[in-house]
Amino acid sequence: MVGRRYDRLSRNIHEQDKDEQVKLFLDALAQTYDPHSEYLSKADMKNFSINMGLSLVGIGAMLRSEDGYAKIESLVPGGPAQVDGRLKVGDRITAVAQAQNEFVDVREMRLDKVVEMIRGKKGTHVRFAKTRTEIP
């Protein structure tokens, strides 16, 4: 398990482009001087604008990365995923497809990239392949 996590972290570091590496450095620098400050990269600013302008929407689910999967942490009451009923808390997303496009395997993919694939304009259809884990 530790070996798998090390491999995944190592792969994620090597997948980062220069902008992401600069963001990590500048974020750490800002936190050193003020723990309430952070550096906003172009990608962060784009996400901030999307969230403030509500130009893109998600599926109404909180995701987290766990053992190489994007795992459903919680569903927003009344949100698209909860209303549809096919996604459940604890499900692990293995592939994503927008509309009738081919499925893209998202195992071992960084969570921000998975979220990027899920978001779309209101009314966009997103399909998932998933595995279900039982919640005690």
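We did not get these values from a lab; they are worked out from the coordinates using the rules stated. Every value quoted in this text rests on a predicted model; they were computed, and no experiment measured them. All Cβ positions, glycine included, derive from the backbone under ideal geometry; neighbour counts span all protein chains shown.
Summary table below
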| item | result |
| --- | --- |
| Reference-scaled alpha-carbon Rg (2.2 N^0.38 Å with N residues) for the range 56-136 | 1.00 |
| Two-site FRET efficiency, Gln100 against Arg132, from Cβ-Cβ distance with R₀ of 22 Å, rounded to 0.05 | 0.35 |
| Listed pairs Lys23/Lys122; Lys88/Lys121; Lys23/Lys121; Lys71/Lys121 exceeding 25 Å between Cα atoms | Lys23/Lys122; Lys23/Lys121 |
